[in-house]
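Working notes for the structure below.
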Amino acid sequence: MRHLLKRSLSGIIYVILFISAILLSKESYIVLTTIFGFLCIWEFNKMVALKNYAAYIFYAFVLFLMIQREESYATVLVLVITLGSSLFLIYQLLAKKQIVFSNDRAKLGVTIRYVIFSICFIVLLPLDNQGKFHPYLMISLLSIIWINDSFAFLIGKNFGKRKLFPSVSPKKTVEGFLGGLTFSLLAALFISKFNLEFSMINWLVIGVIISVIGTLGDLVESKFKRQAGIKDSGNIMPGHGGILDRLDSLLFAAPFVYLYINFII
């Protein structure tokens, strides 16, 4: 009960902070998500035992360029690299292959592809090609993610029997995943009635992308943690772990949602 209260309180603070930054201004959103990015890099570097500052400098440089030139070929190239890397991580997850870091250079490469590039797309998600900020788009996307995670947890905890991927995350169940997916679609359907930026069908597709890819992202991060022999990426959020633990679903899903919103719809 005490753990649940602590988890709920830190989760509420996180949600209020995120929503407030989005509603306040484009600049406050960019600042907050940029800070989250630095924290994610710090936690991931500790996880893979990488000790250098190159990742932080590279993150600041790439993010600055991508914000300034939303339509640039560089953004498209980064998107292709990120999607390819994510698909390879999914393959390693499903094939139960070890993610090997032979040296610091390899660790830096994974940090760039898995964390840095993905965070950049979290920052870019509510920005259109002209740089205009769409706060309610981001709130809608976050709502679907949080509803997916919450109901996957609640249904899995109370009704889960069949393990989803026990070698990586023993607590996740098939029932929890299906519950999260179902409520993600219901949330997307509800959002489509009020947020008219996309059609109902497109919102439902976004709901599927967020639920499925987000769950895979959660499992991929769990695989990294299992290989590192740790339970959480950090302790900045009591009851949740680190910022990377809280953002893992969004981190992994963001490039796929960005692709769908900007290149498919």
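For the reader, a short list of remarks on this structure follows.
- Between residue 38 and residue 199, the C-beta separation translates, for a Förster distance of 25 Å, into a calculated FRET efficiency of about 0.10.
- Most fluctuating residue given options 217, 180, 109, as computed from a GNM of the chain linking Cα atoms under 10 Å: 109
- Low-density loop cleavage sites - trypsin sites (Lys or Arg not before Pro) in the stretch 11-92, where at most 16 other Cβ are within 10 Å (DSSP): 51, 69
- Here the label points at residue 19 and residue 80, each 7 Å from Cα along the C-beta direction, are separated by 4.0 nm in the simple model.
- The amide H of residue 233, built 1.01 Å from its N in the peptide plane, has 242, 245 as neighbours under 5 Å, considering only residues 5 or more places off or on other chains.
- Backbone N within the stretch 231-246 under 14 Å of label point (7 Å from residue 6 Cα along the Cβ vector): 232, 234-242
- Ranked list, fewest to most other Cβ atoms within 10 Å of each Cβ, for 226, 113, 162: 162, 226, 113
- Ordered by the count of other Cβ atoms within 10 Å of each Cβ, fewest first, 128, 245 give 128, 245.
- Each residue in 31, 205 was given a count of other beta-carbon atoms within 10 angstrom of its own, and listing them fewest first yields 31, 205.
- Estimated [θ] at 222 nm from DSSP helical runs (n ≥ 4, -39500 (n - 2.57)) normalised by residues in the chain, nearest 500: -24000 deg cm²/dmol
- Efficiency of FRET from Cβ geometry, residue 167 and residue 28, R₀ 45 Å, rounded to 0.05: 0.65
- Using the Cβ-Cβ distance between residue 159 and residue 51 with R0 set to 30 Å, the FRET efficiency works out to roughly 0.10.
Bear in mind these aren't lab numbers, they're just calculated from the coordinates by the rules spelled out. Bear in mind the structure is a predicted one, so any value in this text is a computation, not a measurement. Note that each Cβ is placed from the backbone with ideal geometry, even for glycine, and that neighbours are counted across all protein chains shown.
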